[in-house]
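A quick write-up on the structure given underneath.
What follows draws every value from the coordinates through simple rules; no lab data is involved. All figures in this text were calculated on a predicted structure; none of them were measured in a lab. Positions of Cβ are generated from backbone atoms using ideal geometry, with glycine treated the same way; all protein chains shown enter the neighbour counts.
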Amino acid sequence: MSPSTIVHLESRRRWVARAGVLLVAIGAAAAHPAPLSAATRERRDLVIAVADSGDSTRKVVSDLRRRFPRAVVSDAKTAAVRKAMVIAVGPVALRAVMADVGEGPVVSVFTSSQVYHSIIDTAGERRPAATAIYAEPSPAAQLRLVSMLFKRPVRTAVVLGGRTAFLEPSLQRAAAATKMPLVVESYGAGDSINGILSRTSDAPAILAIPDSLVYNSENLRTVLLTTYRNGQAVVGFSAALVRAGALATTYSEVEEINAQLEELVNEYDGNGRLPEPQFPKYFRTVINEDVARSLNLVVDDIARNFAYRPGQR
Amino acid sequence: MISAIRKRVWAWSWKDRSISWRLSVIAIIPLMLMALGELVYLLNSSPYEARQDLREHGEILAAAVAENSEYGLTSGNLKDLERVVRSLVVVDKWIYKIEVFDANGILKVAVRSKEARQSNGGEFGARVYRHALPVDDFGRDDAPHFAGDQQERAETTEIIGTVRVVLSQQQAEAKQKRRILSQLFLLAVVVPTSVWVATLLGKALHRPMDIAIRALRDIRGGDYAVQLDVDDGGEMGELLDAINDMSGSLNEAKRNLEGKVQARTRDLEASRNQALKADAEKRRLIQKVDSAVEDERKSIAIEIHDELNAALLGARYSSRRILDMVAASPPTAENAVIRESAESIIKVTSELYTSARKIVRRLRPEVLDMLGLEGAVEEMLQTYEAAPGAPAFTLKSTGDFGQVEGALAIAAYRLIQECVSNVVKHAKAAQVMVMVQVRDQGDDRALRLAVVDDGVGFDPDKVQEGIGLIGMKERVYAFAGTLELKTGPGAGTHVEILLPLTPSDAN
């Protein structure tokens, strides 16, 4: 999707979005505010930029308004407060904020790493400082979940496309930390996911990193069928995929992303440094017990309860 | 004509049949009609159902193959798809050929049956869809990404190929044949079984009717003490109850009637006993009278024999002495008169003596005591035959006359005497046959007397009975015998008398 197309779409959605944002703001204002840290309560130059009024976005904004009562909820295209920190909810809002050159930093939430990097890469040099809390689970946490499911280090295959190739170093580090043999397969133009899966059929586990060039809704059924026939466990990358036939995944709910965001904002307010883009820190685990039985895996409560919640040490 | 035939057929087929037969027919005819309808439907619907089976089978097969082809066409794993299709073709004998095409119409998999099947069962097609999972792949840049339960994507589908299934009609026809045969077998089992059950039910329903009918037959035969065990409800139970009530009423009426009859019988028996008693008394009276008469006759005879005859003999002896004395005297006129008178007295006394002897013989047939009945009768007939103008008598006697004595012998003698006397006096007969027969064979113990003459006879309706016949009947009655008189004008007379020869009667 080209930037011009995005602008066109946004111009069409503008009035709808504004009405939605207004409703979200009214709803958030009516909510009972939770106890806040001193820095959060005093911050006034915080903008929550949204570009849609879907249920999920409204839920995100509601939770953020509870966490940042002074924050201004604004349409992404009109959120030009020059020195304010901007929280961009979703890819559309992020792209709009990055296009509107401001002086405040931008924090991207609920945008996947591949889309975040795509937007950042196309934003140009005059873009504001930006960081992100990615939407997808942390590969390191996923690798730890694999080791918990198998209760031993198992050979784990990962297919990385062009958009996720940057994750390989961090994956290797995580694998080394968990002593998991990691097989990284690169997905290039003209490759077939079935061909790659056939090459990695000896790996008991497949760690699915979301990359729409590798895994998409059109081939996910085939991927799941192929790995099932190969007796491979697929770990990744959302609760919806687990319900569709993957073995398990870690994932983060809205409140957990927002809690991490709140910590990031506070940290920024404290030291003035914007951290690097990061995967969700807080997460929980979902396991498809039927798939586990089919793969003859005995899942224990350690794996089932594998999670990291805000306030947990 | 037709109406008569119809009535006859109706009577033959239904009217005269038993209830169990009718019940069985009522149960069986609908069953047979149903079986016939089932058979007709089966035969008529068979081709249609074969086509229907083919269509359904083909559509299901095509849909199933299409559903299973998604993975093969998407992943390119056509060997796996071909293996699945081939196993399907091997297992399912209906299939002639299965072909799988990709979205561009290029044949990817084609499996044909190796058996000699025909391809006339029709072609069936189905599209192969790729179903996109409603899973966010985190690649979209038009909406926020969520790894949790938030899910706003709908499942989408895309046509990625087609499936063509060609069926063989042979299996459908074979299936229909098996179906028809199985249905026919089922009918062959069900119909006789149902008939059997219907017959059992008919018998079960007929049982109380049969009990009722038997009870009614018993009642009609006079057995009113019928009590049925009523364990049925409804009309049959009501009928059996009614029969019990009816039999009870009839039995009570019968008992009342029998009581009346017994009472009447007792009255009649009492009357009969009284009559018999009177009859016996009458007989004893007659016998007593006869005995008294005989005794009196005997007494008179003795008196005549002892007194009169002795006097007559004395008078004749005296007259002879007078005559002897006159003969010894000189003949004189006076002596002549004396001699004549003496001779006259001798003649008169002789005649009187002869008459007296006859009277004595008639009054007291002592010859009966000396010669018995047979000899007495013979002597009697000789006496009658000696009379001037008397008919010729023939006596036939058989049997043991030793057991005929006493009052019975006297009665028999008197009865023959009376008959013969009547013949001599009235019959003007030339021949008289007298038969005396003693019959003693088993229960037939009797004295038979018969007097048959060839005289003038008489009309019994016009001739009033005389004292003699009445006396004969009384004598016969006194001994419980029978007397039969056969006569007619110019036809002679036949008197037949039968006197029972029993110890009591003999006494």
statement: Around B:Ile60 (Cβ within 11 Å, Cβ-to-Cβ, excluding B:Ile60; K/R +1, D/E -1) the net charge comes to -4
- prompt: Where both residues lie in chain B, what percent of DSSP beta bridges are antiparallel, nearest 5?
  reply: 85 percent
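Taking only C-alpha pairs under 8 Å that are 6+ residues apart, what is the relative contact order of the range B:277-429 in percent?
Details: 97 pairs, mean separation 34.0, N = 153.
Averaging sequence separation for qualifying contacts and normalising by length gives 22 percent for the range B:277-429.
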Environment charge at B:His494 (Cβ cut-off 11 Å; Lys +1, Arg +1, Asp -1, Glu -1): -3
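Just tell me how shielded B:419-432 is by partners: mean number of partner chain Cβ atoms within 10 Å of each residue's Cβ, no decimals. Working shown, then result.
Details: counts 0, 0, 0, 0, 0, 0, 0, 0, 0, 0, 0, 0, 0, 0.
For peptide B:419-432, the averaged partner shielding equals 0.
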Cα-based reach from A:Lys151 at 30 Å (exclusive), listing lysines while leaving out same-chain residues under 8 positions away: A:Lys179, A:Lys281
task: State the Kirkwood hydrodynamic radius of the protein assembly as shown in Å, one decimal place, computed from all pairs of distinct Cα atoms.
output: 43.0 Å
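Taking the DSSP beta bridges in the protein assembly as shown as the whole, what percent of them are antiparallel, to the nearest 5? Walk me through the numbers on the way to the answer.
On the way: 51 of 89 bridges.
Of the beta bridges lying entirely in the protein assembly as shown, close to 55 percent run antiparallel.
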message: Sort A:188-196, A:152-160 by packing, meaning the average of other beta carbons within 10 Å per residue, with the highest value first.
response: A:152-160, A:188-196
query: Angle, helix B:467-478 long axis vs. longest principal axis of chain B, Cα atoms, 0 to 90°, nearest 10?
result: 50 degrees
query: Between the helical axis of B:78-91 and the dominant principal axis of chain B, each derived from Cα atoms, what acute angle in degrees is found, rounded to the nearest 10?
result: 10 degrees
query: Quick one: if you stick a label point 7 Å off each Cα along the C-beta vector at B:Ile213 and B:Tyr129, how many nm between them?
result: 7.2 nm
field: Computed [θ] at 222 nm, deg cm²/dmol, chain B (DSSP H ≥ 4; -39,500 (n - 2.57); rounded to nearest 500)
entry: -21500 deg cm²/dmol
message: Normalised radius of gyration for the range A:212-313, please: alpha carbon Rg relative to 2.2 N^0.38 Å, two decimal places.
response: 1.33
task: For the range B:371-507, give the share of DSSP beta bridges that are antiparallel, in percent and rounded to the nearest 5; count only bridges with both residues there.
output: 75 percent
- prompt: Over the alpha carbons of the range B:306-432, what is the largest minus smallest coordinate on each principal axis, giving the biggest first in Å?
  reply: 64, 32, 18
- prompt: Where a Cα-Cα gap under 29 Å defines reach, which lysines qualify for B:Lys277, not counting those fewer than 8 residues away within the same chain?
  reply: B:Lys260, B:Lys288, B:Lys473
For B:Tyr96, residues with placed amide H under 5 Å, excluding near neighbours: B:Val166, B:Leu167, B:Ser168
- prompt: Under 20 Å from the 7 Å Cα→Cβ point of B:Asp459, by amide nitrogen: which residues of the range B:400-439?
  reply: B:426-428
statement: Spelling it out for B:Val128: with amide H atoms placed in the peptide plane at 1.01 Å from N, the residues 5 or more places away or on another chain with amide H under 5 Å from its amide H are B:Ile160, B:Gly161, B:Thr162, B:Val163
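Name the longest site-free stretch of chain B, where the excluded sites are trypsin sites (Lys or Arg not before Pro) in a DSSP loop with no more than 11 other beta-carbon atoms within 10 Å.
Details: sites that count: B:Lys114, B:Lys462.
The reported range is B:115-461.
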- prompt: What's the tally of Lys pairs in the range B:1-111 whose alpha-carbon atoms lie under 19 angstrom apart, where the two lysines are 8 or more places apart or on different chains?
  reply: 4
message: Taking the 0 to 90 degree range and rounding to the nearest ten, how far is the long axis of helix B:406-422 tilted relative to the main principal axis of chain B, both from C-alpha atoms?
response: 70 degrees
Percent RCO, i.e. relative contact order, over chain B, from Cα pairs under 8 Å lying at least 6 residues apart: 10 percent
query: For B:Val40 and B:Ile60, what is the calculated FRET efficiency with R₀ set at 25 Å and r taken between the beta-carbons, to the nearest 0.05?
result: 0.25
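Give me the net charge of B:Arg217's neighbourhood, meaning all other residues with Cβ under 13 Å from the Cβ of B:Arg217; Lys, Arg count +1, Asp, Glu -1. Don't jump to the answer; show the numbers that get you there.
On the way: positive: B:Arg214, B:Arg220; negative: B:Asp210, B:Asp218, B:Asp223.
Neighbour charge sum, excluding B:Arg217 itself: -1.
As a test of understanding, state the convex hull volume per residue of chain B from its alpha carbons, in Å³. Mind dumping the intermediate values first?
Values: hull volume 207.4 nm³, N = 507.
Normalising the Cα hull of chain B by residue number yields 409 Å³.
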- prompt: Per residue of A:236-248, what is the mean number of Cβ atoms on other protein chains within 10 angstrom of that residue's Cβ?
  reply: 4
Mean Cα-pair separation over length for the range B:371-507, i.e. relative contact order, pairs under 8 Å, 6 or more apart, %: 25 percent
query: Exposure proxy check: B:Tyr129, B:Tyr48 ranked by fewest other beta carbons within 10 Å?
result: B:Tyr48, B:Tyr129
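Above 24 angstrom, tally the Cα pairs of the range B:371-507 and express them as a % of all pairs, no decimals. Mind dumping the intermediate values first?
Working: 2500 of 9316 pairs.
That tail contains 27 percent of the Cα-Cα pairs.
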- prompt: Residue by residue through the range A:108-116, which ³J(HN,Hα) values in whole Hz follow from phi under the Karplus form 6.51 cos²θ - 1.76 cosθ + 1.60 (θ = phi - 60°), with glycine and proline marked x?
  reply: 8, 10, 6, 10, 6, 4, 5, 6, 4
field: Projected label distance in nm at A:Asn271 and B:Ser355, using a 7 Å step from Cα toward the beta-carbon
entry: 20.5 nm
query: Considering the zone a paramagnetic label at B:Asp324 would reach in this model (a point 7 Å from Cα along the Cα-to-Cβ line), which residues of the range B:341-363 have amide N under 12 Å from it?
result: none
query: What is the distance in Å between the Cα centres of the range A:158-174 and the range A:90-136?
result: 21 Å
